[in-house]
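Undergrad: First the structure, then my questions, so here it is.
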Amino acid sequence: MATRTRRSQRRTEALSRERIVEAAIELLDAAGESGLTFRALTERLATGPGAIYWHVANKGELLGAATDAVVAAALAVEPAASAGPAEAAGHAEAAKSPESAGSAESAEAAGPAESAESPEAIEPAGAAGSPQDGIRAVALGLFDAIEEHPWLASQLMTQLSHSLWETVAPRIFESVGRQIRALDVPESSWFAATSALMHYILGAAGQNATNAASARTLGPEVDRARFLDAASTAWEQLDPDDYPFTRAVAGQLRGHDDREQFLAGVDLILAGITASLPAR
């Protein structure tokens, strides 16, 4: 009996919570929330359900941990100093390169204190550069994470609606809020300004992910350019008396870049926030 107990302990120690969460993210990416079952998880990890339940109580806890891990990694993206929308977008893409992945692995190997499980261990993006650069880095990090993990948008909405006291909402709010404070926004406006940016970032990124998912269902013969061209043409043919504005911007719909448009929205909100600051 003692031998069996020791073997069980060794197996449980080898199967860490981090590895379980990593496997859960892989399943979610491959098959969505419905594909994440404890049976599928035990098969992927080549273990029994008891070893998994030792670390995670249920599917809800597992979904929360997977969401938190992805968000923590997204918020670790460093900002590009004094970058505009195009430069910041390129910097975020570079952060996804193998060299950046190696840096992340080195940080993970440094010890548990730097694990994604600890909110205090994550320095929000924007520690260097201007506060605007920091907010753009947070925005692009979340934009890319939601695009890369199609299940993430709905999980974020669930967490923000039902679990504000869990780690995900404070992580995002802290990452944006520190930059808002650094802009010298009056304390009475911290919550409103941070909330406005947070809602825009998550809403726009979630809509972009939904658009991408819908486009994939149209089949390989319908690419993005063709789809936007058809939509733009339809707008141009709307009744000029009922839709004068929509007809006027139809050409911009045809050639727009989703990432640049997303960052332009962030900059518009930032411009409004800074314009409302008291004169110095």
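The values are calculated or read from the model by the stated rules, or taken from the named source; none is laboratory data. On a predicted model such as this, the values are computed, not experimentally measured, just so you know. With ideal geometry, Cβ positions are generated from the backbone for all residues, glycine too; neighbour counts draw on all protein chains shown. Ligands, DNA and RNA are excluded from the accessible area calculation, which covers all protein heavy atoms including side chains. Shrake-Rupley method; radii C 1.70, N 1.55, O 1.52, S 1.80 Å.
Undergrad: Calculate the all-directions average of the projected area of segment 131-280's alpha-carbon convex hull, and give it in nm².
TA: Result: 11.4 nm².
Undergrad: Further question on the same structure: How much area per residue is accessible in segment 167-280 when the probe is 1.4 Å and only protein heavy atoms are counted (Å²)?
TA: It amounts to 59 Å² per residue over segment 167-280.
Undergrad: For Arg254, Arg181, give the ranking by accessible area with the largest first, probe 1.4 Å.
TA: So the residues, ranked largest to smallest area, are Arg181, Arg254.
Undergrad: Within 10 Å, count the other beta carbons around each residue, average over each peptide in 145-153, 201-209, 229-237, and list them highest first.
TA: Put in order of decreasing packing, that is 145-153, 201-209, 229-237.
Undergrad: Ranked highest first by the average count of other Cβ atoms within 10 Å around their residues, in what order do 238-248, 66-76, 156-166 fall?
TA: Packing order, densest peptide first, comes out as 66-76, 156-166, 238-248.
Undergrad: Now for a separate question. Over segment 142-280, what percent of the accessible surface lies on carbon and sulfur atoms, probe 1.4 Å?
TA: Answer for segment 142-280: carbon and sulfur cover 57 percent of the accessible area.
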